[in-house]
Amino acid sequence: MIRRLASVFVLAALAAFPGAPFAQDRPALTIEQITQDPATWIGDWPEAPYWTDRGERVYFTWNPKGRFPDDSLFAADPAGGDPALVSAAERRHLPPRYDGVWTERLAYAPDLGTRVFSRGGDLYLYEIGADRTTRLTRTTARESSPRFSPDGRRVIYREGDHLFSMDLAGGGIRQLTDLRSGNEPKDSEPSAQDAYLRDQQRRLLGVIARGVEQDSLRRLAGERDAAAAGLPPTHYIGDERIGSLLIDPTERFVAFTLSKPSRPATTSMSDYVTESGYVEEITARAKVGADRTTSTLYLQDLARDTVVTVDLSSLPGAFAPADFQRQRGETADSTRQLYALAPQWSPDGRFAIVEVRTVDNKDRWLARLDPETGTLTSLHHDRDEAWIAGPGISWWGGQSAGGWLPDGETFWFQSEATGWSHLYTVHVPSGTVRQLTSGAYEVESPQITRDGTAWVFQSSEGDLAQRHVYRMPLRGGPATRLTEGRGRHDFALSPDDARLAVLFSTATQPPEVFVRSAIATDGPAPATQITRSTTSEWQAYPWREAEIVGIPASDGEAVPARIYRPENPNGAAVFFVHGAGYLQNAHAWWSSYFREYQFHNLLADAGYLVLDLDYRASAGYGRDWRTAVYRHMGGRDLQDYVDASRWVGEEFGIEPERVSIYGGSYGGFLTLMALFTEPEHFGSGAALRSVTDWAHYNDTYTRNILNTPTQDPEAYERSSPIEFADGLEDPLLMTHGLVDDNVQPQDIFRLSQRLIELGKRDWELALAPVEPHGYREPTSWADKLHRIYDLIRHTVGPERGGDETEG
């Protein structure tokens, strides 16, 4: 698919807003200008538009011109007009956001006219038609996860480690579960001699035998009285901790997860710039390979007073070894850890789906649960020899995917089974799986309309550099695009299914809120713009819409890249490497790297050609693109930049020694690998907040890609820059925040010591004492970009070592 893109990439330089001045009219950009507070310089753009159940207004967080607190809530008439600030008093009584009735069906009464929700640890009832909210609880305890009983007469909720039922007519509260810490009380076992004497007494003396019988009858009577009073049976959980806790709609089966208490592995850091004036210690995350605490799923049958463990071991492939283990001759992996997420019950309680994952994240099962026996029947199994991920498929397995269709017996989910994340359904009674969408694109944020007839979702169909909103019949079929305009359209569907609140952005303009029709017509209907955020100062500069090109790679693929072409080339190039690895940045919408976007315009103004690649491992291009770095980060991903260096030489005559590379986090890691292992293709580099040794990074991210250091040491050794530091030949700048609890300062200190011991001289380390992983202070940003620009000017610029100045 990506290979075919080479012939269809649009080298479009069309500006998002016409009338931009020519190059000679461009005002000069400065680093101080582009690193100032974005709220006052660019204009704070809105975020997270949503509706409430009445659908009368659109809500969103916004801070226009930086005049309000960052989390200020605004509301607007969807037909247009100026947005208004929602007062603190109004905000306290505002109904919850609408996320679709099928997303949380039992949070609504059977007639969909009333909704129950929790806020601040208390329960509320919202009558939609009357626009009336009633507070149900006012306690110091924390009530959560409320839902209606199927008849709508009661509210089921969790308080602490118990479930309760509240009668809405009478207000009575009944306890549904009784899970207790500790062990069930039992008489201590007597010694053999004491047992003999006790039994002899019972056998020979009638008064003793009658007393024992009466005690037994009293215990049975107490249990019958408790049952008659509606009290739940007690189950003791020892010293384990309760995680998930929910009851099925029929209120017979309780599903709960237990995990052993453990002291989590941690690391520590120091904060040097503190209010107290003393150095303060920071407790931070563990390193990869630390022991994982997994949970066990149990089912309690309240009718029979039994508890069963849900058996995961019978799932197909449960203990299958990974490819790298098979290569060593292993035929099974008995140490694999499986865990189950909380069941998703159908609204009528007839069916339950359980998602099961593995700690190594190479398998995911969706299985039908038999609550009486605790057995699972696999309905869909994803196996990935790299790792399970993709839009709608969380790669950490923390939240169960999918949900129920309105028929109550069909479950929907997303899978990368075809290499792209698509929408599927499984008919639970028959086990029949159907794929609803297909093609070389990805589906995101699917939602079922309130009337239960259609899907509305976001998709990259037609252009992987864009995201549009589509509507499709519930059982599949042609999808109709609802949005227009090159860029990204994130949406919130209104409760009447008729309108979309859209957060729309382009490559040159930050997001704004629009409202448009959600009705599938012959084409997208006109949209009403709700917010206008950018400042006149920001608009005065003609920001470039970078062309998106396909750079030919050595394996025949076309690597998507943003290219910023200078009007007056100076013969040098700068390559930017985005962070995260799994992130898309060569796209047609507003980048999360908006400061770097401005910096790239400044560089282009100074004559530099700038390239920003979606190298292998990036998001948005399907499974194979994502997993190309499995067991070797700094391999195929770095090769894409080596190929880009060759390409700028062939296309623009730029020599490798005139190419500077920079990036942060994963981008810093890849910059180090470029200078350490492929120095002949680059002239200098700036590695920011860089991972220098993957054995010291976090567990969830790193284990997915490299397994663990003890399982797969080869993968870590060939992927960690510190192992290749002896290859440094070109000037290197490294920057790091001292309170970075993601890529911790220890990483850069260890590499610095390695460079010192290797006798390397042409490198520099700049520390930011108050900065975390993502810099916050404008002065820190300015300091970092000044250092990067100085490096570029003095190492690959037209007068290397000269006195070229910057505005």
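The values are calculated or read from the model by the stated rules, or taken from the named source; none is laboratory data. Since we're looking at a predicted model, the values are computed, not measured. Backbone-built Cβ (ideal geometry, glycine too); neighbour counts: all protein chains shown. Quick note on the areas: whole protein, heavy atoms, side chains included, nothing else; ligands and nucleic acids left out. Shrake-Rupley method; radii C 1.70, N 1.55, O 1.52, S 1.80 Å.
For region 336-475, what does the alpha-carbon gyration tensor say about shape, rounded, prolate or oblate, given a ≥ b ≥ c as the root eigenvalues, a/c under 1.5 as rounded, and a/b over b/c as prolate? It comes out oblate by the Cα gyration axes. The convex hull built on the alpha-carbon positions of region 242-392 has an orientation-averaged projected area of 13.5 nm².
Across the protein chains, with a 1.4 Å probe defining accessible surface, the residues ILE393, ILE173 rank ILE173, ILE393 from largest area downward. With all protein chains kept in place, the per residue accessible area of region 435-483 amounts to 32 square angstrom at a probe of 1.4 angstrom. Put a plus charge on the Cβ of each Lys and Arg, a minus charge on the Cβ of each Asp and Glu, and nothing anywhere else: the dipole of the chain about its Cα centre is then about 2280 debye.
Taken about its Cα centre, region 419-546 carries a charge dipole of about 140 debye when Lys and Arg each add +1 at the Cβ and Asp and Glu each add -1 at the Cβ. The residues of region 330-406 have, on average, 34 Å² of accessible surface per residue, using a 1.4 Å probe with all protein chains present. When the charge dipole of the chain is built from unit charges on Cβ atoms (+1 for Lys and Arg, -1 for Asp and Glu) and taken about the Cα centre, the candidate among TYR615, ILE388, THR257 whose Cα reaches farthest toward its positive end is THR257. For the chain, averaging the sequence separation of C-alpha pairs within contact (under 8 Å, six or more residues apart) and dividing by the residue count gives a relative contact order of 11 percent.
Within the chain, the selection of entire DSSP H helices by a Cα span of 15 Å or greater along the long axis and an average Kyte-Doolittle value of at least 0.0 returns 666-677.
As a length-normalised measure over Cα pairs under 8 Å and 6 or more apart, the relative contact order of region 656-807 settles at 24 percent. Expressed as a whole percent, the accessible area of the chain that falls on carbon and sulfur atoms is 48 (1.4 Å probe). Distances between every pair of Cα atoms in the chain, grouped in 10 Å steps from 0 to the bin holding the largest one, split as 2, 11, 19, 23, 21, 13, 6, 3, 2, 1, 0, 0 percent.
Within the chain, antiparallel bridges make up roughly 80 percent of the DSSP beta bridges whose residues both belong there.
Is it possible to state the helix-based mean residue ellipticity at 222 nm for the chain, with each DSSP H run of 4+ residues giving -39500 (n - 2.57), the sum divided by total residues, to the nearest 500 deg cm²/dmol? What is it?
Working: 15 runs with 148 residues, N = 807.
Counting only the DSSP helices, I get -5500 deg cm²/dmol.
Answer rounded, prolate or oblate for region 530-587, using the Cα gyration tensor with square roots of eigenvalues a ≥ b ≥ c: rounded when a/c is under 1.5, else prolate when a/b is larger than b/c, else oblate. Taking the square roots of the gyration eigenvalues as a ≥ b ≥ c, region 530-587 is oblate. Think of the chain as having a plus end and a minus end, set by charges on the Cβ of Lys, Arg, Asp and Glu; of SER421, GLY289, LEU376, LEU376 sits farthest toward the positive end of this dipole.
Overall form of region 530-656: oblate. Here a/c, set by the Cα gyration tensor axes a ≥ b ≥ c, is 1.5 or more, and a/b is not larger than b/c. On a per residue basis, region 659-807 carries 35 Å² of accessible surface, using protein heavy atoms and a 1.4 Å probe.
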